[in-house]
Amino acid sequence: MESLAGSQEPRTLNDFVDATGLPKSTLVRLLSVLDEMDYVVRVDARPSYRLGHKVLQLSDAYLAALDLSVVADPYLAPLAERTGQTANLGMLDGTQVIHVCVHEPDRPIRFQAAVGMRDHAYCTGLGKVLLAHANPDELAVHLPPEPFVPFTEHTITGYDEFVRELRRTRRRGHAFDDDERSHGLRCVAVPVTVDGECLAAVSVSGASGEFGPDRRQSYVDRLTETAAELADDPDTVAALRVARRSLQPAVHER
């Protein structure tokens, strides 16, 4: 079935022999069973085969069973434990960031978040790193009209200044929310990149006093490791791609 999935054209029995090294007699029996179950379809007398409709049912069942908050948590849990901060996995949805997985550290004082929580993209670490890797031609649809609402005196409120911040973010490889959304709260975020495409962002958030320069770099190192682990997990990547198809940009006139 993998051999068929990797080809645009039907595969012959000889093709399967070359690809698998199995005897023709074994392949004939296997293909006959798969044909009866509609996982493959015999298309001519050579014989040659293509994938059948039952494969789509398997694909749909697999994707339906993927829950981002479940498949990503094994990676966010150790991140929260090792940093002592709340770990978040976020995706861009219009002008907002949506938290698709959250793991809080086991400590009484912590940043509290929940799966499904939304926030503005322009003033959060998750949002800034996602926008830094977005198509520049589509940036405007992910931002509110100017001036952006200033939640603190540190909030960036102008488009040009924000674009400069995104350039700095992309150069250094991580975003930093420096009390821009809430007083006393800081966040560091890095992209989750698969085949050169930023599918999501992962961050840690917590009390501003715990995000000094030394600890901040330590967080970046941990986040980079976690982002690589997420990008290497086929289930997580599949779930991210499915989730992203359901997220649509909100269009705003500038």
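Can you pull out the residues in segment 218-237 that are closer than 14 Å to residue 76 by Cβ, acidic (Asp, Glu) and over 12 Å from the mean Cα position of the chain (by Cα)?
Listed by number, the list holds a single entry, 225.
Report every pair of residues separated by at least 6 positions or lying on different chains whose Cβ atoms are under 9 Å apart, first residue within segment 1-30 and more than 17 Å from residue 41 (Cα to Cα), second hydroxyl-bearing (Ser, Thr, Tyr) and surrounded by 13 or more Cβ atoms within 10 Å (Cβ to Cβ).
Correct list of pairs: 19/3; 20/3; 26/20.
Residue 90 passes all but one of (1) farther than 14 Å from residue 203 by Cβ; (2) in contact (Cβ under 8 Å) with a residue 12 or more places away in the chain; (3) not aromatic (Phe, Trp, Tyr); which number fails?
Checking residue 90 against (1) farther than 14 Å from residue 203 by Cβ; (2) in contact (Cβ under 8 Å) with a residue 12 or more places away in the chain; (3) not aromatic (Phe, Trp, Tyr), the one that fails is (1).
For segment 166-181, give me each residue that is more than 18 Å from residue 219 (Cβ to Cβ) and either of a type in the set (Val, Ile, Thr) or surrounded by 18 or more Cβ atoms within 10 Å (Cβ to Cβ) (or both).
166
Read through the list (1) over 24 Å from residue 66 (Cβ atoms); (2) buried (at least 21 other Cβ atoms within 10 Å of the Cβ); (3) without any contact (Cβ under 8 Å) to a residue 60 or more places away in the chain, then give the number of the only condition that residue 206 fails.
(3)
Of all residues in segment 21-49, count the ones that are under 37 Å from the mean Cα position of the chain (by Cα) and buried (at least 16 other Cβ atoms within 10 Å of the Cβ).
Result for segment 21-49: 6.
Looking at (1) modelled with pLDDT of 90 or more; (2) surrounded by 15 or more Cβ atoms within 10 Å (Cβ to Cβ), can you tell me which one residue 4 breaks?
Result: residue 4 fails condition (1) only.
Need at least 2 residues that are of a type in the set (Gly, Ala, Ser) and at pLDDT 95 or above per element, so show me which helices (runs of 4 or more DSSP H) inside segment 136-254 make the cut, counting only ones lying wholly within it. Break it down into steps so the answer makes sense when it comes.
Working: elements: 159-172, 213-232, 234-245.
The qualifying helices (runs of 4 or more DSSP H) are 213-232.
Inspect segment 149-164 for any residue being of a type in the set (A, V, I, L, M, F, W, C), over 19 Å from the mean Cα position of the chain (by Cα), under 15 Å from residue 120 (Cα atoms) and loosely packed, with under 15 Cβ neighbours inside 10 Å and give the result as yes or no.
Within segment 149-164 (the criterion being of a type in the set (A, V, I, L, M, F, W, C), over 19 Å from the mean Cα position of the chain (by Cα), under 15 Å from residue 120 (Cα atoms) and loosely packed, with under 15 Cβ neighbours inside 10 Å), the answer is yes, since at least one residue qualifies.
Within the group 164, 186, 181, 216, which residue is farther than 17 Å from residue 97 by Cα and touching a strand residue (DSSP E or B) at 6+ places or on another chain (Cβ under 9 Å)?
216
The values are calculated or read from the model by the stated rules, or taken from the named source; none is laboratory data. Computed from a prediction, not measured in an experiment: that's the story for all the values here. All Cβ positions, even for glycine, are placed from backbone atoms using ideal geometry, and neighbour counts span all protein chains on display.
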